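Below is one structure, written out as structure tokens; comments come after it.
Laboratory data are not the source of any read-out in this text; all were calculated from the coordinates shown. In this text the structure is predicted, and so the values were computed from the model without any measurement. Cβ placement follows ideal geometry from the backbone for every residue including glycine, while neighbour counts extend to all protein chains displayed.
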Amino acid sequence: MSIAENIKSIQADIAPYRCQLVAVSKTKPKELLMEAYETGIRDFGENKVQEMTDKYEALPKDIRWHMIGHLQRNKVKYIVPFVHLIHAVDSVRLLKEIEKQAAKVDRKVNCLLQMHIAEEESKFGLSEEELMDILHGDMLAGAQHVNIIGLMGMATFTENDQQVRREFKSLKKIFDKVKSDTSLPSHVKMEELSMGMSGDYQLALEEGSTMLRVGTTIFGKRNYK
């Protein structure tokens with residue numbers, strides 16, 4: 001199937017839900033991104049800063065760029081001027097750097113806090129205790145250039161649907177708990193729950209995802225050099 005047909009199929013799956021599709025375009029050439037763009041896709045996800053900045057410079061400026069990979073603090077300054085959403089904020093030190101660099105360009109940058117929900121140690125993310133420490137901490141209370149608009153999580157890479165569903169349920173439970181917390185600063189709003197990728201997005205939809213990060217199902221297998 002073509003990229004356009006793949007997108008149409010995914011959008012049909014998403015239609016009954018309130019959910020945003022982010023086309024994960026990492027490692028893919030600009031020509032393929034333009035194929036997706038021409039179907040109406042405007043949200044693209046990248047996990048490497050250099051690749052994202054190169055594509056930003058070359059492609060239409062109405063694209064909303066999502067940084068979905070682990071972000072090193074020394075790379076934040078390169079994407080803060082244009083990034084639409086940073087999905088994987090997994091430490092208070094990274095949040096401080098985003099605040100610092102966003103202040104320099106006088107932007108408010110939307111961020112998601114990444115939770116560790118998988119049973120794989122290799123995945124990044126916060127524990128629930130670490131999440132609450134950030135949300136109720138002095139650093140975030142005083143921040144003027146970051147908005148926390150939700151949470152992100154990656155389930156275990158497994159064919160065990162029950163396990164994946166259990167992990168997504170646990171993330172949705174934390175999301176709802178934070179959403180009901182009236183003591184949080186005004187720049188913390190639980191609007192987006194980014195969970196679900198090519199192999200598990202149907203489960204994520206059923207468990208309350210508002211944002212899917214789908215690459216392989218749109219573009220085919222990744223081209224790792």
Open item on the list: Which aspartates and glutamates, if any, have their Cα less than 18 Å from the Cα of Lys177, not counting same-chain residues under 8 positions apart?
Closed with: Glu128, Glu129, Glu130, Asp133, Glu167, Glu191, Glu192, Glu207
TODO: Report, by chain and number, residues whose modeled amide H sits under 5 Å from the one on His136, excluding near sequence neighbours (fewer than 5 apart, same chain).
DONE: none
Task: Rounded to the nearest 20 debye, dipole of the chain from Cβ charges on Lys, Arg, Asp, Glu - done: 640 debye
Task: Filtered GluC sites (Glu not before Pro), the stretch 129-217: DSSP coil and at most 11 other beta carbons within 10 Å - done: Glu159
Task: Residues of type lysines that Lys104 reaches as a straight line, Cα spacing below 18 Å, ignoring anything fewer than 8 places off in the same chain - done: Lys75, Lys77, Lys96
TODO: Sort the chain into rounded, prolate or oblate with this rule: let a ≥ b ≥ c be the square roots of the eigenvalues of the Cα gyration tensor; rounded if a/c is under 1.5, and if a/c is not under 1.5, prolate when a/b is larger than b/c, oblate otherwise.
DONE: oblate
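Given a Förster distance of 30 Å, report the FRET efficiency between Met1 and Lys169 from their Cβ-Cβ distance, rounded to the nearest 0.05. If you can, show how the numbers build up before the last one.
Numbers: r = 31 Å, r/R0 = 1.05.
Efficiency for this residue pair is about 0.45.
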Open item on the list: I need the trypsin sites (Lys or Arg not before Pro) found in the stretch 1-88, filtered to DSSP loop residues with at most 10 other beta carbons within 10 Å of theirs.
Closed with: Arg18, Lys61
